[in-house]
Amino acid sequence: MKTRAQRPAPTTESGRRLRWWRELAYILAFYLVYSAIRNTFGSAGGVGRIAVDNAFNHAKAIIEIQDAMGLWFEPELQRWYLELPGRGGIRGWNIYYGTAHFVVTVAALSLLFRRQPDRYPRWRNTLAAMTGLALIGFATFSLMPPRLLDDNSIYGACHGREEGCYGYDIVDTIAEYGGLFALDSGAAAKISNQYAAMPSMHTGWSVWCALVLFPMVRRRWLRALVVAYPMVTVFGILITGNHFWIDAVGGLAALAGGWLIGSKLAIFFEQRLARRVSEPEPVDQPAQGGMMR
């Protein structure tokens, strides 16, 4: 039996070795750049009446679209859930919202790297491209999440007025019932963009995780959990007031675009490496002016 030190490094179909430390450096560098760019816009770019009104107007546009479709149900859904016994354990949902999309995504990426390295480049690239596409949405369409529609904090639509001034009746569950940390106060508010809601990366990342993990699991109950994960996540972002359901559709669109870009990149780099490997090495030519017979 091979020890851990004797195990070969994961390799792709073309034979390229994947180094965990190199991949970790890539991921950390990418996420730092992503966070820096994401937090340049919206609320993190400076809170003022213009920024608040811009995000609020976009939210009203989303509500009008959903209402025209007969699918503006977020207030009723949250109200129903919070009327359940114990408020449905909403604090647990707040913690889930703040942690699961990081923990599960990192776990899925790590398992993919170790167990199916031939699939790893395509799905790693997909994750990066999807997240990069989300930046376009955050930069061009700052969107106030439902939880801030009646909020009178500096990020809320009712700032300077009474709380609940617009009557949307959606509760900021983290501020009201607690979680690991508040999103719109303290250090978290200073380093995050409160209006980065479209597209929903909670949705995009969770569906990405399901697509990555499903082929790797065989037990039915595990497959059921994998399939349920994105659905549970979408339910969670709605009842906590952090997203509109259209944000989730935006997350799926970003995932689709990320998969197209990620697949093309993976194929391009694998083919380039395969050509390098197949090229014959140059044969050394004998030096001229050698010894004469």
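Only the coordinates and a few stated rules stand behind these numbers; no lab work does. Since we're looking at a predicted model, the values are computed, not measured. Cβ coordinates were reconstructed from backbone atoms using ideal geometry, including for glycine residues, and neighbour counts include every protein chain displayed.
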Here FRET efficiency (C-beta to C-beta, LEU225 to ASP67, R₀ 25 Å, nearest 0.05) is 0.15
Length-normalised contact order of segment 51-276, Cα under 8 Å, at least 6 apart, in percent, tallies to 32
Stretched fully, the stretch from SER263 through SER110 gains (0.36 nm per residue minus C-alpha distance, one decimal, in nm) 53.2 nm
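Please compute the length gained on full extension between ARG218 and ALA29, using 0.36 nm multiplied by the number of residues separating them and subtracting their Cα-Cα distance. Numbers along the way, then the final one.
Working: separation 189, 0.36 × 189 = 68.04 nm, distance 3.37 nm.
Value of the extension gain: 64.7 nm.
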In debye to the nearest 20, the charge dipole size for segment 51-276, taken about the Cα centre with +1 at each Lys and Arg Cβ and -1 at each Asp and Glu Cβ, equals 1940
Amide H neighbours of ALA197 at under 5 Å, excluding residues fewer than 5 places away on the same chain, with H built from the backbone geometry, are LEU143
